[in-house]
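K.L.:
Just passing along the structure, written as C-alpha cells.
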Amino acid sequence: MFVATISAKTKEKNFPSSHAQLLEEWSLFQAITGLSETGKTLEAEALCTKGLKHFPEQPTLYLLLRQVQCKSLLQSHKELPDAILEELRKAVMSNSTSVTAWHWLAQVYQCQGMMVAAEMCYRKSLQLASQQGNWNGKLSSLLRLAKLALEICMANISNDHWQSLVQEATMEALKLSLCPVGVLLQALLQYNRKMGSRETRRMLERVVYQLGYPETVVSVARWYLLRHLYAKDDYELIDVLIGNAKANGDVRTLELDKKLSAATSS
C-alpha cells in the first residue's frame, strides 16, 4: 500500500523519471525492511521478488532479498550449506561498494563460526570506508572488527592475533573519536587478560564512572567490574558500585550481586 501510494504520487506530480524511480526504490526498500523487522518474512520476500520484476538491474534489492531469505536461517544458528554461502557472497559482490553489505556478510560468517572470513569482510568494509571518506563507516568497521576479535578472546581461544587485533582496531577507532564502546572494548580485553589486576579495575571504573557514557555501555562495564571486585573481596568498593547500579536501575548487575553474595556466604 505504501509503495503503491508513493508510485501514484510521483505520477501525479510529474516528477522526472529518474527522480520518480529513486523515490519508488526508496519506498520499496523501506517497506521491505519494515516487514522484515516486524517478523513478516514471507511478505517481505514476496515484495522483494515483485520489486525485482520492476527493477531487475537493482543489486541492492537482490541483496535485500537474500538477507530476508536468510534471516530465519541465521537466527536458528544452523550450519548453512556452502552453496547458500556462495549465493550470499555473490549478492554482496554485486554491492561491493557498500560498507553495510560487507558488515552483513561478516555477521553471516561469524554466525557460521568462520571467524577469519568474518575478519576479512570487516577489513574490506574498512578499506572501502577509508577510500570513500566515510567516517561513520570507518568507525563502525573498526569497532565491529574489535568486537569480533574480543569475542574470540573471551571464548578463551589462545591466539595472539586476536588480542593484537582488539588493540589495533580500538586504538584506531579512538583516534577517530573518543567513543565509549572503544574504551569499553579495551577494558574488557584487559579483564580477559588479567581479571584480578589493578589496571583492570582502573579501566572498568573509567567506563562506569565517566559522566555522559550511554547506560548500555556502562552497564556492561559495571557487570564485569562487580565480578572483579568480588574476586578481590573488596566489599567497600562493591558497596559503592551497587549504589551506582541502583541509582541507574541496572537490574542485571543487581541480580549478579545477589548471586555472587549468596555464593560468597555459602
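K.L.:
With the structure loaded, tell me whether residue 240 is among the aliphatic types (A, V, I, L, M), open to solvent by less than 70 Å² (accessible area, probe 1.4 Å) and assigned to a helix (DSSP H, G or I) or whether it fails that test.
P.N.:
Details: among the aliphatic types (A, V, I, L, M): yes; open to solvent by less than 70 Å² (accessible area, probe 1.4 Å): no; assigned to a helix (DSSP H, G or I): yes.
For residue 240, the condition - among the aliphatic types (A, V, I, L, M), open to solvent by less than 70 Å² (accessible area, probe 1.4 Å) and assigned to a helix (DSSP H, G or I) - is not met.
K.L.:
For the range 113-224, please list each of the helices (runs of 4 or more DSSP H) lying entirely inside it that holds at least 2 residues being in contact with a helix residue (DSSP H, G or I) (Cβ under 7 Å, 6 or more places away or on another chain) and more than 23 Å from residue 101 (Cβ to Cβ).
P.N.:
On the way: elements: 115-132, 135-154, 160-176, 180-193, 198-208.
Where helices (runs of 4 or more DSSP H) fall fully within the range 113-224 and carry at least 2 residues being in contact with a helix residue (DSSP H, G or I) (Cβ under 7 Å, 6 or more places away or on another chain) and more than 23 Å from residue 101 (Cβ to Cβ), they are 135-154, 160-176, 180-193, 198-208.
K.L.:
Let me ask something additional. Can you say whether residue 146 is small (Gly, Ala, Ser) and over 13 Å from the mean Cα position of the chain (by Cα), as far as the supplied structure shows?
P.N.:
Values: small (Gly, Ala, Ser): yes; over 13 Å from the mean Cα position of the chain (by Cα): no.
It is false that residue 146 is small (Gly, Ala, Ser) and over 13 Å from the mean Cα position of the chain (by Cα).
K.L.:
Going by the conditions given, is residue 263 open to solvent by less than 80 Å² (accessible area, probe 1.4 Å), of a type in the set (A, V, I, L, M) and farther than 27 Å from residue 146 by Cβ? Before you say what the answer is, go through the steps one by one.
P.N.:
Details: open to solvent by less than 80 Å² (accessible area, probe 1.4 Å): yes; of a type in the set (A, V, I, L, M): yes; farther than 27 Å from residue 146 by Cβ: yes.
Yes; evaluated as a whole, the condition is true for this residue.
K.L.:
Out of the residues in the range 243-260 that are part of a helix (DSSP H, G or I) and in contact (Cβ under 8 Å) with a residue 24 or more places away in the chain, which is surrounded by the most Cβ atoms within 10 Å (Cβ to Cβ)?
P.N.:
If we take residues in the range 243-260 being part of a helix (DSSP H, G or I) and in contact (Cβ under 8 Å) with a residue 24 or more places away in the chain, then 253 is surrounded by the most Cβ atoms within 10 Å (Cβ to Cβ).
K.L.:
For the structure I just gave you, tell me whether residue 86 is acidic (Asp, Glu), in a helix (DSSP H, G or I) and in contact with a helix residue (DSSP H, G or I) (Cβ under 9 Å, 6 or more places away or on another chain). Full working, then the answer.
P.N.:
Numbers: acidic (Asp, Glu): yes; in a helix (DSSP H, G or I): yes; in contact with a helix residue (DSSP H, G or I) (Cβ under 9 Å, 6 or more places away or on another chain): no.
Criteria not met by residue 86.
Every residue, every condition in (1) surrounded by fewer than 21 Cβ atoms within 10 Å (Cβ to Cβ); (2) over 20 Å from residue 159 (Cβ atoms); (3) modelled with pLDDT under 95, yes or no:
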position	(1), (2), (3)
107	yes, yes, yes
110	no, no, yes
120	yes, no, no
124	yes, yes, no
145	no, no, no
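K.L.:
Checking residue 29 against (1) part of a helix (DSSP H, G or I); (2) surrounded by fewer than 16 Cβ atoms within 10 Å (Cβ to Cβ); (3) modelled with pLDDT under 70; (4) among the hydrophobic types (A, V, I, L, M, F, W, C), only one condition comes out false. Which one?
P.N.:
(2)
K.L.:
When the range 98-112 is examined, which residues are found to be among the small types (Gly, Ala, Ser) and in a helix (DSSP H, G or I)?
P.N.:
Of everything in the range 98-112, those that are among the small types (Gly, Ala, Ser) and in a helix (DSSP H, G or I) turn out to be 101, 106.
The values are calculated or read from the model by the stated rules, or taken from the named source; none is laboratory data. Model, not experiment: these values are computed from the prediction. For neighbour counting, all protein chains shown are included, and Cβ atoms are generated from backbone atoms with ideal geometry for every residue, glycine included. The protein model used for the area step is the full one, side chains on, heavy atoms only, and it has no ligands, DNA or RNA in it. Shrake-Rupley method; radii C 1.70, N 1.55, O 1.52, S 1.80 Å.
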